[in-house]
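The structure appears below as structure tokens.
The values are calculated or read from the model by the stated rules, or taken from the named source; none is laboratory data. Predicted, not measured: the structure shown is a model, and the values here were computed from it. For neighbour counting, all protein chains shown are included, and Cβ atoms are generated from backbone atoms with ideal geometry for every residue, glycine included.
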């Protein structure tokens, strides 16, 4: 089965690279590009007009991926449904936001409250289904569904927004998610999770082929929501929800800096960072984009490693 997974991953990678190129050409031919926020770093203004919604390719290829995963492991269709359902329904929220930006020819799509309500709306039903048999923080630590459903809803909305705010530099969010998916392969024991991680990684690397600096296409909210949803669903399916902490390490850091900045401004009328999320702070310090992305990838690897060691120690202690 391992060889079959790798062969299929290679096929999906090649297809996704080709489809992504077709998507870029389509967007350029119709003069559809990203509108850059005026209040962001001025260096980003040169990116105006770059095609967006690159996550559409992964979303559209999901049915093929699920069919391939089913062909590789038909023993657990229900698990495959749990894994891929949340990325898809989450991506639809991001898609609505992206389409509004295009129609308005603006960098502003859904209002914050609108997006939050839609995120909760799609997360709660999935959380109810996923928590039907309880939610496992670790294989030996089960939470009742009455606790699990609100916890999954909170984490779901949190990871969707965390990945979204991290998607601000060429390759930053995509590369970080790729690192997260690789890390999942080290501790995942379930065949559906391994298969889904490998095939998902193939689609993501195909996106990064066109998203590396200087980016030919941006992920868009549809992409950030899709990949965030996949990270959460993989951790839930592994019965190791605590592993979302290392898998989402850099995303957690990024959204935490946003929360700190908002609290500091509203509570003390002061800024902790030159601009949030954190990658913008380093941009305003004069760091180059590639330098920031590379350093953040390194920090993500270190954070994943350190937090995984801690969680693994807790797991061994709890299982003893």
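Structural remarks
- Out of 256, 278, 284, one residue alone is loosely packed, with under 15 Cβ neighbours inside 10 Å and in contact (Cβ under 8 Å) with a residue 24 or more places away in the chain. It is 284.
- Residue count, the range 82-119 (criterion: touching a residue at least 12 places away in the same chain (Cβ under 8 Å) and closer than 19 Å to residue 156 by Cβ): 21
- Failed condition for residue 216, given (1) surrounded by fewer than 22 Cβ atoms within 10 Å (Cβ to Cβ); (2) more than 25 Å from residue 31 (Cα to Cα): (2)
- Summed over the range 151-170, the residues that are without any contact (Cβ under 8 Å) to a residue 60 or more places away in the chain and surrounded by 18 or more Cβ atoms within 10 Å (Cβ to Cβ) give a count of 3.
- Selection status of residue 122, under 20 Å from the mean Cα position of the chain (by Cα), within 17 Å of residue 226 (Cβ to Cβ) and either outside any helix (DSSP H, G or I) or free of Cβ contacts under 8 Å to residues at least 60 places away in the same chain (or both): yes
- Residues in the range 127-150 that are in a helix (DSSP H, G or I) and in contact (Cβ under 8 Å) with a residue 60 or more places away in the chain: 130 only.
- Applying the set (1) surrounded by 24 or more Cβ atoms within 10 Å (Cβ to Cβ); (2) at pLDDT 95 or above to residue 209 leaves exactly one unmet item: (1).
- Residue 241 touching a strand residue (DSSP E or B) at 6+ places or on another chain (Cβ under 7 Å) and in contact (Cβ under 8 Å) with a residue 24 or more places away in the chain: yes
- Any hit, the range 269-280, residues being in a helix (DSSP H, G or I), at pLDDT 90 or above and touching a helix residue (DSSP H, G or I) at 6+ places or on another chain (Cβ under 7 Å): yes
- Exactly one residue out of 222, 193, 236 is touching a strand residue (DSSP E or B) at 6+ places or on another chain (Cβ under 9 Å), in a helix (DSSP H, G or I) and within 25 Å of residue 125 (Cα to Cα), and it is 236.
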